[in-house]
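Take a look at the structure set out below.
Each reported figure results from applying straightforward, stated rules to the coordinates on display, with no laboratory input. Small disclaimer: the values here were computed from a predicted structure and weren't measured. When we count neighbours, we look across all protein chains shown, and the Cβ atoms used for this are built from the backbone with ideal geometry, even at glycine.
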Amino acid sequence: MKTLKNVLLINALSSGATGMGLVVFASPIAILFGLENSTAVSEVGIFLVVFSLLAFREGRRIHQNENMVKFIIALDIAWVVSSLLIIVLQLFNLTVIGYLAIGAVALWVAGMAYLQVHGLKRIAAA
């Protein structure tokens, strides 16, 4: 899993699966998170599906584009920072389950970003 290609593909798979789940199950997830409207859940799901296509495309390349990988890492970091702000500031008045789920996903995304940074460094050093 340590190659940049594999990490990008795992990131794409996990993001795509999460995104599809959020789109398909938007209403039950919104209820679980304490939201009155499921639109935001669907929108986050759509974003993740688009992101997963970007990460998948880059992961399938024979030679990864350094700038595109940096963009993917920047999106991952933005996700983590946004998640932390939501949790720390208790934004959107979510349920405990909602905040825990956001935290769990943020940890996963942080791990993906970390592995992608190191994968990029390994390519640069080669």
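In table form, for the structure just shown:
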| item | result |
| --- | --- |
| Percent of Cα-Cα distances greater than 15 Å, calculated over the stretch 1-64 | 52 |
| Mean separation of Cα contacts under 8 Å (6+ apart) over length of the chain, as relative contact order % | 33 |
| Dimensions (Å) - the chain, Cα atoms, principal axes, largest first | 50, 28, 21 |
| Positive dipole terminus of the chain, leading residue within 94, 54, 15 (C-beta point charges) | 54 |
